[in-house]
Amino acid sequence: MDKLSRRRGSKHRHDVQPTTDSAVLERMGHKQELKRNFSMISMLGLAFAILNSWTALAASINLALPSGGPSSVLWGLMVGGICNLALAASLAEFLSAYPTAGGQYHWAAIVSWRSVSCGVSYVTGWINVSGWVALSATGGLLASQFIMNIIVLLHSNYETKPWHQFLLYSAITLIALLINTFLTRLLPYLTKAAFFWSIAGFVIISITVLACASPNYQSASWVYGEFFNRSGWPDGLAWLLGLLQGAFALTGFDATAHMIEEIPEPHIRGPKIMIYCILIGMFTGFIFLSCIFFCVTNVEQVIVSPRGPLLELFMQATGSPAGSTCLMMFPLICVIFAVTSIMCTSSRMTWAFARDKGMPFSATFAKVDPKLDLPLNALLWTAAWVIAFGLILLGSSAAFNAITSASVVALGITYAIPPTINCLRLRRALPENRTFKLTGATGWILNVIGILWTILTTVLFLFPPELPTTASNMNYCIVAFGVMFFIAGGTWLASGSRHYRGPQVELRSETIDGANFVQSSDKTSGASDEFIEDAEI
């Protein structure tokens, strides 16, 4: 149970302090509506199920290899991991101070200047909602691709059709929807199982491919130093484009923030989980890719194989279709866990934004079903959009890929908004006594690294993957993200500027488990103007 104590020497009189997480949440403008059923390990399981870095890296390796070869993939992961850690640490400060499901849009509202607080918060919220809904489609895409790759391996005369993949994609989405709807009380156990399944798969596959490929390994100099460029871009730019795989494999760590109202002691556990999932992703991803690259016999075939890069890698290592199919069960089930976790997180993000009246029909999407203990309407909203994206897959895979790429861009931008505002306010916009704190130069360095990384990856994600550019390989991500931004800006001008008031935070002068509110008995957003004037920094 969280202990809230009055700061010594306070001039204000508050004799009775709230003593629960629910009371803390209420002081930050919201009632406790969801059950805090997640433990530290089950929430870590949910966060890592979404990242599943070793699976995501291997599944997209054919996109990264042409832009620098194995050295670009491996060291690009490390560069991306360090930069994402800087971003995660920057957001962990906010999460420790204000542990609410709104996450980035809530924090942006609190630390922004009062005159622009609602606008910045509203646009951040819409981009975040759109990003998570779009990200929900990536899991179904990967899982359906894995299944079709297995069919191609076992039946060489099979001819893939877009509608085949759509049916698989829809079935996987429906499974995730049913699990989230009717097994919500078991989700903590499922996410814990997802974590151990992923770690077990990482260990078993790594050992198996090394054992089967022995003694015909690639040299260490090839694995860690080989560079080649098949993209058509200059070598330096090609290597930078190779960084995008690491960015994709480590996207989604803000899931912890959007699920934070379902874990006890959120201001302490939340920041740790956010950072731990990236560290685990970096470690497992680097080791797994190293093992896979040592076993490669034909890298060109990995890039162009009709059975997909991961299954091709397993075949080159084991030489057995049956063995390769068995190994594929680990990443396939990992991705199904991921679809379930992403859909859950997306529904909480939509629900939180609707709770602050940021969505159309906010009253509908902000409802929590009393029998199921979940925001059912927000969950159905996410599932409906995922199916709609699948219909696009029937017509154009390039358009669908643009939507999934835009999700990474959108989430990355929302990661950078709160720390950017905090830096512009000389890092004085957060309470000094938060439980997770980056002090002195460390805070500035990590904030700036995270912000610059977001700028770099946002630009790179808009580049075509190869030259010359054609209609089929053109990157339409900018169009998809433009639609997201147009919706955010358009709805703000149409109605949001008149009706959206942002998170209504009750500000007082005592300590709330790391959140030090300093204006007495006022409910407001964009409150840090008063905070900076009065806080002891």
| query | Cα centroid distance between region 446-477 and region 322-358, in Å? | reply | 24 Å
| Cut-off 16 Å, label 7 Å out along Cα→Cβ of I207, residues of region 323-348 by amide N | 327, 330
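Could you order Y217, Y189 by accessible surface area, starting with the largest, using a probe radius of 1.4 Å?
Numbers: Y217 100, Y189 155 Å².
Per-residue accessible area, sorted high to low, gives Y189, Y217.
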| request: Would you mind checking region 415-431 for residues with the amide N under 11 Å from a putative spin-label position 7 Å along Cα→C-beta of W113? | output: 425
| How big is the gap, in Å, between the Cα center of region 147-223 and the Cα center of region 88-102? | 32 Å
| For the chain, which whole-number percentage of the solvent-accessible area (1.4 Å probe, protein heavy atoms only) is attributable to carbon and sulfur atoms? | 66 percent
| field | Protection proxy ranking, peptides 474-484, 123-133, average beta carbon neighbours within 10 Å, highest first | value | 123-133, 474-484
| Using the beta-carbon distance between S320 and L394 and R0 = 25 Å, what value does 1/(1 + (r/R0)^6) give for FRET efficiency, to the nearest 0.05? | 0.15
| said: Could you derive backbone 3J(HN,Hα) for region 88-97 from the dihedral phi with the Karplus parameters 6.51, -1.76 and 1.60 (θ = phi - 60°), listing whole Hz in sequence and x where the residue is Gly or Pro? | reply: 5, 5, 5, 6, 4, 4, 5, 5, 5, 7
| How large is the helix-only mean residue ellipticity at 222 nm for the chain, computed as the sum of -39500 (n - 2.57) over DSSP H runs with n ≥ 4, divided by its residue count, in deg cm²/dmol to the nearest 500? | -22000 deg cm²/dmol
| Hey, what's the chain come to in accessible area per residue, 1.4 Å probe, Å²? | 38 Å²
| message | Going through the cross-link list K31/K371; K192/K272; K371/K437; K272/K357; K192/K371; K161/K192, which pairs have a Cα-Cα distance over 27 Å in this structure? | response | K371/K437; K272/K357; K161/K192
| message | So if each residue of separation counts as 0.36 nm, and I subtract the Cα-Cα distance between T160 and I455, what length gain in nm does that give? | response | 102.4 nm
| request: Between F283 and N298, with labels modelled 7 Å along Cα→Cβ, what's the label distance in nm to one decimal, could you check? | output: 3.7 nm
| request: Find out how many positive minus negative residues lie around N422, taking Lys and Arg as positive, Asp and Glu as negative, among other residues whose Cβ is under 10 Å from that of N422. | output: +2
| query | Which FRET efficiency value, to the nearest 0.05, do you get for A23 and Y189 by plugging their Cβ-Cβ distance into 1/(1 + (r/R0)^6) with R0 = 41 Å? | reply | 0.90
| field | Förster radius 25 Å - calculated FRET efficiency between L380 and L493, Cβ distance, rounded to 0.05 | value | 0.35
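The values are calculated or read from the model by the stated rules, or taken from the named source; none is laboratory data. All figures in this text were calculated on a predicted structure; none of them were measured in a lab. When we count neighbours, we look across all protein chains shown, and the Cβ atoms used for this are built from the backbone with ideal geometry, even at glycine. Note: areas computed on protein heavy atoms with side chains; ligands, DNA, RNA excluded. Shrake-Rupley method; radii C 1.70, N 1.55, O 1.52, S 1.80 Å.
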